[in-house]
Amino acid sequence: MSGLRVKRRRRPELPLVPLIDVLVMLVLFAFVTMRFTSQQTLNITLPKVETAGKNEFKGTVTIGIDNKGVVSFNGKDVTDDQLLELLREVRKVDKDIPVLIRADETTQLKKLAFVMDACRKTGLNKFSLQSR
């Protein structure tokens, strides 16, 4: 009987450690590539300025002007009078708050000039125009 050997079948195994490693890497990759945006998406095409510096903005006030001349204050559409009132309130809080103006490249100069003048009238002289 020594000639007959009974082969024992190995129990199938599922290697969990490599699977867990791969899943952790996929989750990590998903978090690294994810974009978090807090601003509302506006239909604005920024004008291109060759001599502009970096557009790093760390302020809290953003005024947007779309191609139809609609003005928004931190993502909410406002009228011209509401904009002036909101800028006065911002001035009461801090006169050195930077204001970023994001105007579409086809915006009328008249509307852009109004927004810049509104900033100056309310005493917010630290404003900049964003470009691409």
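The values are calculated or read from the model by the stated rules, or taken from the named source; none is laboratory data. This structure is a prediction, so every number in the text was calculated from the model and none was measured. FYI the Cβ positions are ideal-geometry reconstructions off the backbone, even for glycines, and counts take in every protein chain you see.
Only one residue in 79, 62, 107 is in contact with a strand residue (DSSP E or B) (Cβ under 9 Å, 6 or more places away or on another chain), within 13 Å of residue 46 (Cα to Cα) and among the hydroxyl-bearing types (Ser, Thr, Tyr). Which one?
Numbers: 79 fails: within 13 Å of residue 46 (Cα to Cα); 62 fails: within 13 Å of residue 46 (Cα to Cα).
Selected residue: 107, the only one of 79, 62, 107 that is in contact with a strand residue (DSSP E or B) (Cβ under 9 Å, 6 or more places away or on another chain), within 13 Å of residue 46 (Cα to Cα) and among the hydroxyl-bearing types (Ser, Thr, Tyr).
Give me the residue from region 95-121 that is of a type in the set (Asp, Glu) and touching a residue at least 12 places away in the same chain (Cβ under 8 Å) and, out of that set, nearest to residue 73 (Cα to Cα).
From region 95-121, those of a type in the set (Asp, Glu) are 96, 104-105, 117; that's our starting set.
Checking the rest, the ones that are also touching a residue at least 12 places away in the same chain (Cβ under 8 Å) come to 96, 104-105.
Details: 96: 17, 104: 15, 105: 18 Å.
Checking each candidate, the answer is 104.
Just checking, does region 51-59 include any residue being of a type in the set (Phe, Trp, Tyr) and at pLDDT 85 or above?
Residues of region 51-59 that are of a type in the set (Phe, Trp, Tyr), as a first pass: 57.
Those still in the list that are at pLDDT 85 or above too: none.
So far as region 51-59 goes, no, none of its residues is of a type in the set (Phe, Trp, Tyr) and at pLDDT 85 or above.
Looking at residue 66, is it surrounded by 10 or more Cβ atoms within 10 Å (Cβ to Cβ), over 16 Å from residue 128 (Cβ atoms), modelled with pLDDT of 80 or more and over 24 Å from the mean Cα position of the chain (by Cα)? Steps first, please.
Values: surrounded by 10 or more Cβ atoms within 10 Å (Cβ to Cβ): yes; over 16 Å from residue 128 (Cβ atoms): yes; modelled with pLDDT of 80 or more: yes; over 24 Å from the mean Cα position of the chain (by Cα): no.
So residue 66 fails the test.
Got a sec? Which of 115, 99, 93 is of a type in the set (Val, Ile, Thr) and surrounded by fewer than 17 Cβ atoms within 10 Å (Cβ to Cβ)? Let's see the steps before the verdict.
Numbers: 115 fails: surrounded by fewer than 17 Cβ atoms within 10 Å (Cβ to Cβ); 99 fails: surrounded by fewer than 17 Cβ atoms within 10 Å (Cβ to Cβ).
None of the other options fit; the residue is 93.
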